[in-house]
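Enquirer: Below you will find the structure I want to go over with you.
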Amino acid sequence: MTAATAQLDAGASPAVGESRRKRNPLPYILLAPGVLWLVLFFLIPIFTAVSASVQTGSLDEGFTLTWRWANYSDTFSTYNSEIAHSLFYSVACTVLCLLLGYPLAYFIAFRGGRWKNLLMALVIAPAFTSFLIRTIAWETILADHGPVTRFLMDVKVTDLMAHLGLLTNNHQLLNSPFAVIFGMVYNFLPFTVLPLYTSLEKIDPRLHEAGADLYCSGFKTWRHVTWPLSLPGVIAGTLLTFIPAVGDYINAYMLGSPNTMVIGQVIENEALRSESGYPTASAMGVVLTVGTLLIVLFYVKRAGTEDLL
Amino acid sequence: MSTFDAVGDLRVEGLTKRFGSFTAVDDLDLTVPQGSFFALLGASGCGKTTTLRMVSGLEDPTRGRIFIGDTDVTSTKPYKRPVNTVFQNYALFPHLDIHENVAFGLRRRGVKEVRKQVGDMLALVELGHLAKRKPSQLSGGQQQRVAVARALINQPQVLLLDEPLGALDLKLRRQMQIELKRIQTEVGLTFVHVTHDQEEAMTMADTIAVMNAGRIEQMGSPENLYENPATTFVANFLGQSNLVAGTVAGKDGDTLTVEAHGHRIALPAARCRVETGAAIVGVRPEKVHLAAAGAEIPAGRNVFEGGVVTDASFIGVSTQYLVKMPWGEELAVFEQNSGQEIHRPGSAVSLHWEPGQTFGLDGRQDIEAGADIDDEAAS
């Protein structure tokens, strides 16, 4: 018995030592395609963009690296209102998505019963149509002489909206900050609802009973039990909404006007329609990326859930 | 209106709960004296948890009223009742540490200074050193004690315990039973404990109500329920019983005679639920002794002859026998291991016991009621 064990040990140990010395290549082989992809389409473009942002020249003469940091200050001074628009629209969109999405996710998670999955499918259903087509559809729905505009004008809601600065062009719903934010909220709502639903659904309903048992009315239970437990979903949902929203320009392009231009449109114009716009577009791109990153870092830090990153 | 100041016995009148066509709790009347340890005992689905949830306010009764002292709390919201619950799965708040979990009720009622009270309460359940931990970092037994502390700190009139020990292993469960009993004696509050574990109910409670199919089958002290079960369900569910069907043959003073399978069994008339007709005689296994067939049996004892030992399990303090009777029934006998000979399987034996240890039940009921759920409940 002991002899056999000893023999086994003797037989096994060199094999173990050998396999330890010879690294298993499989993980690297499996990683290679992904790493290659990221290097080609993420890392290199970032370097190109950053370097392009400090170049000068034009399409005809070619661009040379002159370390012209003034590209950035020029960008800021020329396009400060577009940067402000991007920020305002994306923050407004994120807040509205949260206000609309939280009750929706809460209802589906706790009152949905056997309809839960169907209701969630309905939330995602619009995503089966192209983003672009849906936005064009809203262009038609909000059209100047359409029923929506006429109704809102009849009940004087447009007056109020014009007062709040949401309508810039008289009583026209389209071509206004309202239409842009509206379109963004519509398009990004599922991105808020999905993570919210996931985190709310995980909450044990018996914790609500424990809350009720410990002197919490319905609202107090939500405030002291449900809300803190749903915070990871709130943070994930708002991030998933804010990050694409801040760079989005389809909604501003389709539903807005020259008065509602956002960073995305500037980048598009500079890169595609200007002789010497490459550096400006690149600088804008870097500003957008770094700016978003900083805002997200600050937000996550404040929310106290560093473990999300 | 707040009912926090309601004081006194917990009283339930005609309490009924229906879920669709299913009646979970059926016209229940119950009084739990203030300061007592009360157990609702029954198999799963007997309505005991539903009763508890109606008392806590988490379930609305279909009919009936609930009183604490003289205050009717039937339609009071759960968060306004002077009642707290220790939930079956504990339902501790995962985002709060132990200190905050225990302080939760105090804070919601606007108590500013909670540190001292929480400290005292954690000391009572011996968890002071874990105040900064999260519930997920605690063992089952520790979580259970946090759940007790979280409810107790509010000094409710009634503390409801919903199978609080169900998730613990046997050894820890025994330990927690003693612990809970100690805490109850110390704080002197009314405890209503729901359990399917008859041993747990008997260890802890002053009064036990055995529930079956939404009704209370019998209520009384553990000793009384065990010695004088009123129905076959109670006799089988609470411990083990040897029940043999027979007919009342006659009465002589305080003694009743029941004829069962050719044996005349004497029992005190006071312990028999019927005076005439069909009866079931019962005797607990530990009261019965075995004698080899033909051996002399002292006069004046009840005897069943003609048994054959089918199984003998030696378990240290006692030997547990199964004896097959001529009429096909298997009876259980627990013999103390105090020097008697051990009867091997296959040996012919007679069963004998003190007539005073016999109880009698109404013969017009299912003799097996409650016997099949006993295994499930004990596991």
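Enquirer: Please give the Cα centre distance for the range B:36-82 versus the range A:175-209, rounded to the nearest Å.
Expert: First find each Cα centre; the distance between them is then 38 Å.
Enquirer: Within 10 Å of each Cβ in A:214-223, how many Cβ atoms from other chains are there, averaged over the peptide?
Expert: The shielding value for this peptide is 5.
Enquirer: OK, next. Hey, can you rank B:252-259, A:180-187 by average C-beta count inside 10 Å, highest first?
Expert: A:180-187, B:252-259
Enquirer: Using a 10 angstrom cutoff on alpha carbons, build the Gaussian network for chain A and name the most mobile of A:Leu100, A:Leu65, A:Leu288.
Expert: A:Leu65
Enquirer: Please report, in cubic angstrom per residue, the volume enclosed by the convex hull of the alpha-carbon atoms of the range A:147-271.
Expert: Hull volume normalised by residue count: 143 Å³.
Enquirer: Hey, can you rank A:146-159, A:203-216 by average C-beta count inside 10 Å, highest first?
Expert: Highest-to-lowest ranking by the protection proxy: A:203-216, A:146-159.
Enquirer: DSSP beta bridges in the protein assembly as shown, what fraction antiparallel, as a percent rounded to 5?
Expert: If we restrict to bridges inside the protein assembly as shown, about 80 percent are antiparallel.
Enquirer: Express the Stokes-Einstein translational diffusion coefficient of the range B:230-379 in µm² s⁻¹, to the nearest whole number, given a Kirkwood radius over alpha-carbon pairs, 37 °C and a viscosity of 0.692 mPa s.
Expert: Diffusion coefficient, whole number: 208 µm²/s.
Enquirer: Return the inverse of the average 1/r over all pairs of distinct C-alpha atoms in the range A:79-308, which is the Kirkwood hydrodynamic radius, in Å to one decimal.
Expert: Evaluated over the range A:79-308, this radius sits at 19.5 Å.
Enquirer: Please give the net charge around B:Phe87, taking every other residue with its beta carbon less than 14 angstrom from that of B:Phe87, where Lys and Arg add +1 and Asp and Glu add -1.
Expert: -2
Enquirer: Averaged over its residues, how many other protein chain Cβ atoms are within 10 Å of peptide B:51-61's Cβ atoms?
Expert: 1
Enquirer: While we're looking at this one, here's another question. So if we plug the beta-carbon distance of B:Ala293 and B:Gln340 into 1/(1 + (r/R0)^6) with R0 = 25 Å, what FRET efficiency do we get, rounded to 0.05?
Expert: Rounded to the nearest 0.05, the efficiency is 0.95.
Enquirer: Using the 2.2 N^0.38 Å rule of thumb for compact globular proteins, work out how the protein assembly as shown stacks up: its C-alpha Rg over that value, please.
Expert: Ratio of Cα Rg to 2.2 N^0.38 Å: 1.45.
Enquirer: Filter the DSSP H helices in chain A by two things, a Kyte-Doolittle mean of at least 1.0 and an axial alpha-carbon span of 27 angstrom or more, and list the hits by number.
Expert: A:80-111, A:177-201, A:227-247, A:278-303
Enquirer: Okay, moving on. May I ask for the net charge around B:Gly356, where only other residues with Cβ less than 11 Å from the Cβ of B:Gly356 are counted and Lys, Arg are +1 while Asp, Glu are -1?
Expert: Overall, the nearby charge balance is 0.
Enquirer: In addition: For the residue pair B:Asn89 and B:Glu223, what label-to-label distance in nm results when each label sits 7 Å from Cα along the Cα-to-beta-carbon direction?
Expert: Result: 4.1 nm between the two label points.
Enquirer: Residues of A:101-111, mean number of Cβ from any other protein chain within 10 Å of their own Cβ, rounded to a whole number?
Expert: Across the residues of A:101-111, the mean count of other-chain Cβ atoms within 10 Å is 0.
Enquirer: In what sequence, highest mean first, do B:106-113, B:145-152, A:72-79, A:195-202 appear when ranked by Cβ atoms within 10 angstrom?
Expert: Per-residue Cβ counts within 10 Å, averaged per peptide and sorted highest first, yield B:145-152, A:195-202, A:72-79, B:106-113.
Enquirer: Here is a follow-up. How large is the charge dipole for chain B, taken about the Cα centre, if only the Cβ atoms of Lys, Arg (+1) and Asp, Glu (-1) carry charge, to the nearest 20 debye?
Expert: Using Cβ point charges on Lys, Arg, Asp and Glu, chain B gives about 1880 debye.
Enquirer: Convex hull volume of the Cα atoms in the range A:43-193, per residue, in Å³?
Expert: Output value, Cα hull per residue: 201 Å³.
Enquirer: How big is the equivalent ellipsoid of the range B:152-221 along its three axes, where each semi-axis is √(5λ) from the Cα gyration tensor, reported in whole Å from largest to smallest?
Expert: They are 19, 16, 11 Å, listed from largest to smallest.
Enquirer: Fewest Cβ neighbours within 10 Å first, please rank B:Glu296, B:Glu227 accordingly.
Expert: B:Glu296, B:Glu227
Enquirer: Further question on the same structure: Can you pull the Rg over Rh of chain B, Cα-only, Kirkwood?
Expert: Using Cα coordinates only, the ratio equals 1.06.
Enquirer: Using +1 at the C-beta of Lys and Arg and -1 at the C-beta of Asp and Glu, which of B:Asn84, B:Asn224, A:Thr56 has the Cα lying farthest in the positive direction of the dipole of the protein assembly as shown?
Expert: A:Thr56
Enquirer: Nearest-5 percent of antiparallel DSSP beta bridges in chain B?
Expert: That works out to approximately 75 percent antiparallel.
Enquirer: Of B:Thr319, B:Gln357, B:Gly370, whose Cα points farthest to the positive end of the dipole of the protein assembly as shown (charges on the beta-carbon: +1 Lys, Arg; -1 Asp, Glu; origin at the Cα centre)?
Expert: B:Gly370
Enquirer: If you don't mind, there's one more thing I want to ask. Using the Cα centre as the reference, give the magnitude of the dipole from point charges on the C-beta atoms of the protein assembly as shown (Lys, Arg: +1; Asp, Glu: -1; all else neutral), rounded to the nearest 20 debye.
Expert: Computed about the Cα centre, the dipole is about 1780 debye.
Enquirer: Which percent, to the nearest 5, of DSSP beta bridges fully inside the range B:10-227 are antiparallel?
Expert: Of those bridges, close to 50 percent are antiparallel.
Enquirer: How much net charge surrounds B:Thr23 when only other residues with a Cβ under 10 Å from its Cβ are counted (Lys, Arg +1; Asp, Glu -1)?
Expert: +1
Enquirer: Further question: Compute the semi-axes of the equivalent ellipsoid of the range A:39-117, taking the square root of 5 times each eigenvalue of the Cα gyration tensor, and list them largest first in whole Å.
Expert: Result for the range A:39-117: semi-axes of 45, 19, 8 Å.
Enquirer: First check a/c for the range B:27-128, with a ≥ b ≥ c the square roots of the eigenvalues of its C-alpha gyration tensor; if it is under 1.5, answer rounded, and if not, answer prolate when a/b is larger than b/c or oblate otherwise.
Expert: Prolate, since a/c reaches 1.5 and a/b exceeds b/c.
Only the coordinates and a few stated rules stand behind these numbers; no lab work does. What you see is a predicted model; the values in this text were computed from it and never measured. For neighbour counting, all protein chains shown are included, and Cβ atoms are generated from backbone atoms with ideal geometry for every residue, glycine included.
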